[in-house]
């Protein structure tokens, strides 16, 4: 896999995260190409990773084994029309939220193309991403996609494409929910008299520790929450107040809104 010729259309943060992961896992830099309209951004990527760059999308995908469309949903249609004729043996991966494989096929008007739909999230920038993928393509194409996203964290596959909307709502958008909680915790700490720097550090380290416990303890979030909620204690007092204020409904409604928006984008 390390000698795969991989092209990224779009050189934004997610492309950088995936490229960094590949390079850190020993992928040959000269076999990675990035295409972007920003010459400054491409220069930065060359300086960081010594990869190949171009501003011509058709040129970028020529000879590529795998092409990752690392662009926003609003850009995907224009990008697809700029690619020209696509090669059947190439794996095409889209990370555009809400864009179904059927809609991608419709834009390129080539039914034989192997598509993989992926939803990574921003912790991929630190090698701690969670990427979920869907495809009906042959195993070779799925293996290529797994290889790329495993380099930036963990991967999982879903068997039904409609599940990608829920994945987007939970995992793709999820980091922002935790950032909001940390932001609110820091602000509350400041109102209680803590210096901003200390309140921020407490919120961030607590989030890191709690996440590590959730991932590595083998216990569910509900069990872990109950274990730190002693009767009559400070934690239970806080949680009771949060539930009374409607935190459960707010989170569920927010996730449903993200799921709904993902469906609208498709």
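The values are calculated or read from the model by the stated rules, or taken from the named source; none is laboratory data. Source: prediction; values computed, not measured. All Cβ positions, even for glycine, are placed from backbone atoms using ideal geometry, and neighbour counts span all protein chains on display.
Being assigned to a strand (DSSP E or B) and over 19 Å from the mean Cα position of the chain (by Cα) is the requirement here; does residue 44 meet it? Criteria not met by residue 44. State which residue pairs qualify: first residue over 16 Å from residue 211 (Cβ atoms) and in the same structural domain as residue 254 (by TED's automatic domain parsing) and inside segment 181-192, second residue modelled with pLDDT of 95 or more and surrounded by 15 or more Cβ atoms within 10 Å (Cβ to Cβ) in any location, beta carbons under 6 Å apart, and separation of 6 or more residues or different chains. Filtered contacts from segment 181-192: 186/199; 186/200; 186/203; 189/199; 190/199.
Any idea which of 250, 258 is farther than 30 Å from residue 101 by Cα and assigned to a helix (DSSP H, G or I)? So that I can check it myself, show each step before the final result.
Values: 258 fails: farther than 30 Å from residue 101 by Cα.
After applying the criteria, what remains is 250.
Residues of segment 31-56 that are in contact with a strand residue (DSSP E or B) (Cβ under 7 Å, 6 or more places away or on another chain) and within 30 Å of residue 263 (Cα to Cα): 34, 35. Output yes when any residue across segment 57-70 is touching a strand residue (DSSP E or B) at 6+ places or on another chain (Cβ under 9 Å), in the same structural domain as residue 94 (by TED's automatic domain parsing), closer than 19 Å to residue 123 by Cα and in a helix (DSSP H, G or I), and no when none is. No: segment 57-70 contains no residue that is touching a strand residue (DSSP E or B) at 6+ places or on another chain (Cβ under 9 Å), in the same structural domain as residue 94 (by TED's automatic domain parsing), closer than 19 Å to residue 123 by Cα and in a helix (DSSP H, G or I). Of the helices (runs of 4 or more DSSP H) contained entirely in segment 84-176, those carrying at least 3 residues that are assigned by TED's automatic domain parsing to the domain that holds residue 73, surrounded by fewer than 17 Cβ atoms within 10 Å (Cβ to Cβ) and modelled with pLDDT under 95 fall at 101-108.
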